[in-house]
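Undergrad: Below is the structure I would like to discuss, written out as structure tokens.
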Amino acid sequence: MMTKAFIPYGGYYSTPFARWQGSLSNENSISLAAETSKRWLAEKDWDPNMFDYLILGITIGQPKLFYGGPWASALLGAVLTPGVVVSQACSTSTTCIYQAAVGIETGQYDNVLALMTDRCSNGPHTIWPNPKGPGGLVVSENWVMDHFNLDPWGGTAMIQTAENVVKETGITREACDAVTLRRYEQYRDALVDDRTFQKRYMFPVEINLSKKKTIMVAEDEGVFETTKEGLAGLKPVIPGSAHTFGSQTHPADGNCGVTVTSREKARELSTDPEIEIQVVSYGHARVKRAFMAMAVVPAAKMALEKAGITVDDVVAIKTHNPFAANDIYMADEMKIDVNGFNNYGCSLIFGHPQAPTAGRLIIEGVEEVAIQGGGYMLFTGCAAGDTGAAIVLKVG
């Protein structure tokens, strides 16, 4: 349990998430995140040089990734701030925020910016020499599609890991469709009154199309309208399986940033000093091979245990749910209402840019708890390799 790491209220942002091959598809995700952060910091009148460390979360290669952390720092204006790259698939944001908190807890850092970004669109292709191959045939890898389709240890596509859980636990196609429809309705709540909820944290992306033309992406792009009838009419992704393209997430592009600092500095930077956000605990897990959807539960239980609380003490729960079965399994195992968490949105609906996904969900969870007057927030999510990560924050 941690006691010294805090997040200023309002000391975070997430961009909208843009659909795969959409408005952000041609942007370098590192420079785009840095430029977005620079604009966000300028709007808040914060000096970028206050950060003595930057943690860059990214999972999909981009040009100049070798220089990723310090390059991002320099681009956003913190020219003397070092940085490091963290890559942990879908758990990247959770681990970035936790590592920043550990640095504050131990006195290693004073102020850290956790900056998470990815572009699933136009994923890179890596080629390695293969002198022993017939005719010098190269070894190649698509950083996005190949990773979706094959875990080198599990031996299956990601969706098959969810279907393995479905088969073992008896989760039905009808239950997956019902949860998907509920999650879409919850996302729609975030759009009420001209997106009042999303505007609490969402920051637009600026794209320079030419010297004379700039566009702003201010809202999510690529969310599919969802109805009961529409879901029922979709074919399973795998013949005979429980998941369709409606009840699994879709690749996306975007970035987010979270400031982690001391209690005193958080109060100074907060847009409302009466609201305090403490990083309390972290949990991690790995489950049996090719059962990734199960990892959300032991990760959540570890984080709750380290925080000294139970799931009944939590005001809001957010999950990274690439497949509807994730939430159904978690609800069954933790004895909670599957319709009662992931208010205002989740990755099943608004998409999954990978590194920033959990960051946006954590930010939304903070805002939900603030609306409700304070309390604990739990985030948990699965990640490639049958792993999971969770974090508990306290909003007071």
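The values are calculated or read from the model by the stated rules, or taken from the named source; none is laboratory data. Predicted model only: the values in this text are computed from it and were never measured. So basically every Cβ, Gly included, is an ideal-geometry build from the backbone, and we count neighbours across all protein chains shown.
Undergrad: Checking the structure you have, find out if any residue of segment 31-53 is in contact with a Pro (Cβ under 7 Å, 6 or more places away or on another chain) and under 18 Å from residue 119 (Cα atoms).
TA: No, because not a single residue in segment 31-53 is in contact with a Pro (Cβ under 7 Å, 6 or more places away or on another chain) and under 18 Å from residue 119 (Cα atoms).
Undergrad: Kindly list, by first and then second residue, each pair from a residue in segment 32-51 that is over 27 Å from residue 209 (Cα atoms) to a residue that is part of a helix (DSSP H, G or I) and of a type in the set (D, E, K, R), limited to pairs with Cβ atoms under 9 Å and residues at least 6 apart or on different chains.
TA: Close Cβ pairs satisfying both conditions: 50/265.
Undergrad: Considering only segment 106-128, how many residues are within 23 Å of the chain's Cα centre (by Cα) and surrounded by fewer than 18 Cβ atoms within 10 Å (Cβ to Cβ)?
TA: The initial filter retains those residues of segment 106-128 that are within 23 Å of the chain's Cα centre (by Cα), namely 111-124.
Okay, now just the ones that are also surrounded by fewer than 18 Cβ atoms within 10 Å (Cβ to Cβ), so 122, 124.
Of the residues in that region, 2 qualify.
Undergrad: OK, next. Does segment 128-142 contain at least one residue that is of a type in the set (A, V, I, L, M, F, W, C), more than 21 Å from residue 35 (Cβ to Cβ), modelled with pLDDT under 95 and touching a Gly at 6+ places or on another chain (Cβ under 9 Å)? Walk me through how you get there before you give the answer.
TA: Step one: filter segment 128-142 for residues of a type in the set (A, V, I, L, M, F, W, C), giving 128, 137-139.
The next check asks that each one be more than 21 Å from residue 35 (Cβ to Cβ); those that pass are 128, 137-139.
With the extra rule that they be modelled with pLDDT under 95, the set shrinks to 128, 137-139.
Filter again for touching a Gly at 6+ places or on another chain (Cβ under 9 Å), leaving 139.
Yes.
Undergrad: Shifting gears a bit: Can you tell me which residues in segment 373-396 are of a type in the set (Gly, Ala, Ser) and assigned to a strand (DSSP E or B)?
TA: From segment 373-396, those of a type in the set (Gly, Ala, Ser) are 373-375, 381, 383-385, 388-390, 396; that's our starting set.
375, 381, 383, 388, 389, 390, listed by residue number.
Undergrad: Still on this structure, please answer the following. Suppose we keep only residues that are touching a strand residue (DSSP E or B) at 6+ places or on another chain (Cβ under 9 Å) and in a loop (DSSP other than H, G, I, E, B) within segment 129-172. Which one would you say is surrounded by the most Cβ atoms within 10 Å (Cβ to Cβ)?
TA: Result: 144.
Undergrad: Okay, moving on. Condition test on residue 231, is it in contact (Cβ under 8 Å) with a residue 60 or more places away in the chain and either exposed (fewer than 13 other Cβ atoms within 10 Å of the Cβ) or aliphatic (A, V, I, L, M) (or both)? Give the steps one after another, and end with the answer.
TA: Details: in contact (Cβ under 8 Å) with a residue 60 or more places away in the chain: no; either exposed (fewer than 13 other Cβ atoms within 10 Å of the Cβ) or aliphatic (A, V, I, L, M) (or both): yes.
No.
Undergrad: Among 358, 389, 370, 384, which is the only one that is under 15 Å from the mean Cα position of the chain (by Cα), under 24 Å from residue 218 (Cα atoms) and either of a type outside the set (Ser, Thr, Tyr) or modelled with pLDDT under 95 (or both)?
TA: Working: 389 fails: under 24 Å from residue 218 (Cα atoms); 370 fails: under 15 Å from the mean Cα position of the chain (by Cα); 384 fails: under 24 Å from residue 218 (Cα atoms).
358 is the lone residue from the list that is under 15 Å from the mean Cα position of the chain (by Cα), under 24 Å from residue 218 (Cα atoms) and either of a type outside the set (Ser, Thr, Tyr) or modelled with pLDDT under 95 (or both).
Undergrad: Oh, and also: Just to be sure before I move on: is residue 288 within 30 Å of residue 160 (Cα to Cα) and basic (Lys, Arg) in the structure I sent? Lay out the reasoning, then the answer.
TA: Values: within 30 Å of residue 160 (Cα to Cα): yes; basic (Lys, Arg): yes.
It is true that residue 288 is within 30 Å of residue 160 (Cα to Cα) and basic (Lys, Arg).
Undergrad: Those residues that are polar (S, T, N, Q) and buried (at least 24 other Cβ atoms within 10 Å of the Cβ), I need them from segment 376-396; list them, please. Steps first, please.
TA: If we filter segment 376-396 for residues that are polar (S, T, N, Q), which is where we start, we get 380, 387.
Across segment 376-396, the qualifying residue is only 380.
Undergrad: Where in segment 9-101 are there strands (runs of 3 or more DSSP E), lying fully within it, with 2 or more residues that are surrounded by 24 or more Cβ atoms within 10 Å (Cβ to Cβ)?
TA: 12-14, 53-57
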